[in-house]
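The values are calculated or read from the model by the stated rules, or taken from the named source; none is laboratory data. Fair warning: this is a prediction, and the values are worked out from it, not measured in the lab. Every residue, glycine among them, receives a Cβ derived from its backbone with ideal geometry; neighbour counts consider all protein chains shown. Accessible surface is based on the protein model in full, side chains and every heavy atom, while ligands, DNA and RNA are left aside. Shrake-Rupley method; radii C 1.70, N 1.55, O 1.52, S 1.80 Å.
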Amino acid sequence: MNLPDFTDFPPLLALRKKMGATELGQFDFFDPVLHLTGEERIQLAGQGIAVGTVALRKLLDHTVAYKNARVIVWQPQCAEYHLCWCKNFPQLPDVFVGARKPAGMSVCSECLDHLQYDGHNSHRHRHQDYYAQVRKHFDVATFFQRFPHYPIGR
Ligand SMILES: [Zn+2]
(Lines give C-alpha, C1' and ligand atoms only; values in the text may rest on other atoms or scores of the structure.)
Protein backbone atom coordinates (compact mmCIF):
# COMPACT_ATOMS: atom_id res chain seq x y z
CA MET A 1 0.00 0.00 0.00
CA ASN A 2 1.34 3.40 -0.96
CA LEU A 3 0.78 6.14 1.57
CA PRO A 4 0.29 9.72 0.35
CA ASP A 5 3.33 11.98 0.60
CA PHE A 6 2.14 14.66 2.99
CA THR A 7 5.40 16.61 2.65
CA ASP A 8 3.94 17.84 -0.64
CA PHE A 9 0.31 18.33 0.44
CA PRO A 10 -0.62 22.05 0.09
CA PRO A 11 -3.15 22.28 3.00
CA LEU A 12 -0.62 20.69 5.37
CA LEU A 13 2.19 22.90 4.04
CA ALA A 14 0.00 25.97 4.67
CA LEU A 15 -0.71 24.77 8.21
CA ARG A 16 2.99 24.13 8.87
CA LYS A 17 3.81 27.63 7.63
CA LYS A 18 1.13 29.10 9.88
CA MET A 19 2.60 27.20 12.85
CA GLY A 20 6.11 28.36 12.02
CA ALA A 21 7.25 24.74 11.71
CA THR A 22 10.20 25.01 9.34
CA GLU A 23 11.65 21.56 10.01
CA LEU A 24 9.97 18.21 9.58
CA GLY A 25 9.60 16.50 12.90
CA GLN A 26 10.30 12.93 13.89
CA PHE A 27 8.04 10.68 15.82
CA ASP A 28 8.79 7.33 17.41
CA PHE A 29 6.01 5.18 18.73
CA PHE A 30 6.49 4.48 22.41
CA ASP A 31 6.94 0.78 23.02
CA PRO A 32 7.45 -0.18 26.69
CA VAL A 33 9.31 -3.32 25.57
CA LEU A 34 11.92 -1.22 23.77
CA HIS A 35 11.75 2.16 25.53
CA LEU A 36 12.24 3.14 29.15
CA THR A 37 9.18 4.34 30.99
CA GLY A 38 9.40 7.52 33.04
CA GLU A 39 9.38 5.42 36.21
CA GLU A 40 12.29 3.30 34.94
CA ARG A 41 14.31 6.42 34.15
CA ILE A 42 13.78 7.59 37.73
CA GLN A 43 14.82 4.18 39.09
CA LEU A 44 17.94 4.07 36.90
CA ALA A 45 18.99 7.46 38.26
CA GLY A 46 18.36 6.23 41.79
CA GLN A 47 18.79 2.76 43.25
CA GLY A 48 18.76 0.92 39.92
CA ILE A 49 16.49 -1.81 38.57
CA ALA A 50 16.71 -5.59 39.03
CA VAL A 51 16.58 -7.22 35.59
CA GLY A 52 17.33 -10.54 33.98
CA THR A 53 20.56 -10.53 31.96
CA VAL A 54 18.48 -11.76 29.02
CA ALA A 55 16.98 -8.25 28.92
CA LEU A 56 20.42 -6.72 28.34
CA ARG A 57 22.23 -6.33 25.06
CA LYS A 58 25.78 -5.58 24.04
CA LEU A 59 26.37 -2.37 22.13
CA LEU A 60 29.07 -2.10 19.47
CA ASP A 61 31.52 -0.63 22.00
CA HIS A 62 30.69 -3.57 24.32
CA THR A 63 28.94 -1.32 26.82
CA VAL A 64 25.58 -2.56 28.11
CA ALA A 65 22.10 -1.46 27.07
CA TYR A 66 18.81 -1.97 28.85
CA LYS A 67 15.99 -1.00 26.48
CA ASN A 68 17.08 2.35 24.95
CA ALA A 69 19.59 3.30 27.66
CA ARG A 70 23.25 2.55 28.28
CA VAL A 71 23.63 1.31 31.85
CA ILE A 72 26.15 0.08 34.37
CA VAL A 73 25.66 -3.40 35.85
CA TRP A 74 26.25 -4.92 39.29
CA GLN A 75 25.33 -7.62 41.72
CA PRO A 76 24.62 -6.54 45.28
CA GLN A 77 27.16 -8.92 46.91
CA CYS A 78 30.06 -7.88 44.70
CA ALA A 79 32.66 -5.18 45.21
CA GLU A 80 32.73 -3.99 41.60
CA TYR A 81 30.26 -2.68 39.06
CA HIS A 82 30.67 -3.12 35.31
CA LEU A 83 30.61 -0.75 32.37
CA CYS A 84 30.74 -3.37 29.63
CA TRP A 85 30.67 -7.10 28.89
CA CYS A 86 34.13 -7.83 30.29
CA LYS A 87 35.42 -11.29 31.21
CA ASN A 88 34.25 -10.72 34.81
CA PHE A 89 30.72 -9.76 33.78
CA PRO A 90 28.16 -11.34 36.15
CA GLN A 91 27.15 -14.83 35.05
CA LEU A 92 24.02 -14.97 37.19
CA PRO A 93 20.59 -14.67 35.56
CA ASP A 94 19.64 -11.53 37.52
CA VAL A 95 21.59 -8.31 37.97
CA PHE A 96 21.00 -4.69 38.81
CA VAL A 97 21.33 -1.93 36.22
CA GLY A 98 21.53 1.80 36.80
CA ALA A 99 23.06 5.12 35.88
CA ARG A 100 24.56 6.01 39.24
CA LYS A 101 27.49 4.54 41.17
CA PRO A 102 26.25 1.82 43.52
CA ALA A 103 27.16 2.70 47.11
CA GLY A 104 30.39 1.15 48.35
CA MET A 105 31.39 -0.33 44.99
CA SER A 106 34.36 0.32 42.73
CA VAL A 107 34.56 0.31 38.98
CA CYS A 108 35.74 -2.96 37.38
CA SER A 109 39.35 -2.82 36.15
CA GLU A 110 38.64 -5.24 33.31
CA CYS A 111 35.95 -2.89 32.01
CA LEU A 112 38.36 0.07 32.11
CA ASP A 113 40.90 -2.08 30.26
CA HIS A 114 38.39 -3.10 27.64
CA LEU A 115 37.31 0.49 27.00
CA GLN A 116 40.92 1.74 27.33
CA TYR A 117 39.35 4.35 29.57
CA ASP A 118 41.91 7.16 29.99
CA GLY A 119 44.47 4.70 28.66
CA HIS A 120 43.77 2.23 31.49
CA ASN A 121 45.68 -1.05 31.19
CA SER A 122 45.88 -3.15 34.35
CA HIS A 123 48.04 -5.78 32.62
CA ARG A 124 50.89 -3.39 31.97
CA HIS A 125 53.49 -3.22 34.72
CA ARG A 126 54.55 0.33 34.03
CA HIS A 127 52.38 3.27 35.06
CA GLN A 128 50.35 1.30 37.63
CA ASP A 129 50.26 4.37 39.89
CA TYR A 130 48.59 6.30 37.08
CA TYR A 131 46.07 3.49 36.44
CA ALA A 132 45.28 3.34 40.16
CA GLN A 133 44.45 7.06 39.95
CA VAL A 134 42.20 6.45 36.93
CA ARG A 135 40.27 3.84 38.95
CA LYS A 136 40.17 5.98 42.08
CA HIS A 137 38.87 9.05 40.28
CA PHE A 138 36.52 7.21 37.92
CA ASP A 139 33.18 9.00 37.87
CA VAL A 140 29.98 7.46 36.49
CA ALA A 141 28.60 10.87 35.42
CA THR A 142 31.77 11.55 33.38
CA PHE A 143 31.52 8.06 31.88
CA PHE A 144 27.99 8.83 30.70
CA GLN A 145 29.21 12.09 29.16
CA ARG A 146 31.62 10.05 27.02
CA PHE A 147 29.21 7.13 26.49
CA PRO A 148 25.74 8.70 26.51
CA HIS A 149 23.24 7.13 28.90
CA TYR A 150 19.94 7.94 27.21
CA PRO A 151 18.47 7.73 24.67
CA ILE A 152 20.48 5.38 22.50
CA GLY A 153 19.54 3.75 19.21
CA ARG A 154 19.32 0.07 18.48
ZN1 LIG B 1 33.83 -5.53 34.19
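What the table shows:
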{"item": "Antiparallel content of DSSP bridges confined to the chain, in %, to 5", "result": "90 percent"}
{"item": "Alpha-carbon centroids, segment 93-146 and segment 1-47: separation in whole Å", "result": "37 Å"}
{"item": "Distance histogram for segment 1-86 (every C-alpha pair counted, 5 angstrom bins, percent rounded to whole numbers)", "result": "3, 10, 16, 16, 11, 7, 8, 9, 9, 6, 3, 2, 0"}
{"item": "Cα-Cα P(r), segment 1-48, percent of pairs per 5 Å interval", "result": "5, 14, 15, 13, 11, 11, 12, 10, 7, 3, 0"}
{"item": "Ranking by accessible area, most exposed first, for H120, H125, H114 with a 1.4 Å probe", "result": "H125, H114, H120"}
{"item": "For segment 32-146: relative contact order, % (alpha-carbon pairs under 8 angstrom, 6 or more apart)", "result": "23 percent"}
{"item": "Viscosity 0.890 mPa s, 25 °C: Kirkwood-radius Stokes-Einstein D of the chain over Cα pairs, µm²/s", "result": "136 µm²/s"}
{"item": "T37 accessible area, 1.4 Å probe, all protein chains in place, Å² to nearest 10", "result": "40 Å²"}
{"item": "Charge tally in the Cβ shell below 12 Å around H114, where Lys, Arg are +1 and Asp, Glu are -1, H114 excluded", "result": "-1"}
{"item": "Cβ charges +1 (Lys, Arg) and -1 (Asp, Glu), total dipole of the chain, debye", "result": "240 debye"}
{"item": "Probe 1.4 Å, all protein chains present, accessible-area order of V54, V33, largest first", "result": "V54, V33"}
{"item": "Accessible area (Å², 1.4 Å probe, nearest 10) - K87", "result": "150 Å²"}
{"item": "Computed E for S106/R146 - FRET, C-beta separation, R0 22 angstrom, nearest 0.05", "result": "0.75"}
{"item": "Fraction in percent of alpha-carbon pairs per bin - 5 Å, segment 85-130", "result": "5, 17, 23, 24, 18, 9, 4, 1"}
{"item": "25 Å Cα-Cα reach of K87 towards lysines, excluding residues that sit fewer than 8 places from it in its own chain", "result": "K58, K67, K101, K136"}
{"item": "Solvent-accessible area of Y150 with every protein chain in place, 1.4 Å probe, in Å² to the nearest 10", "result": "70 Å²"}
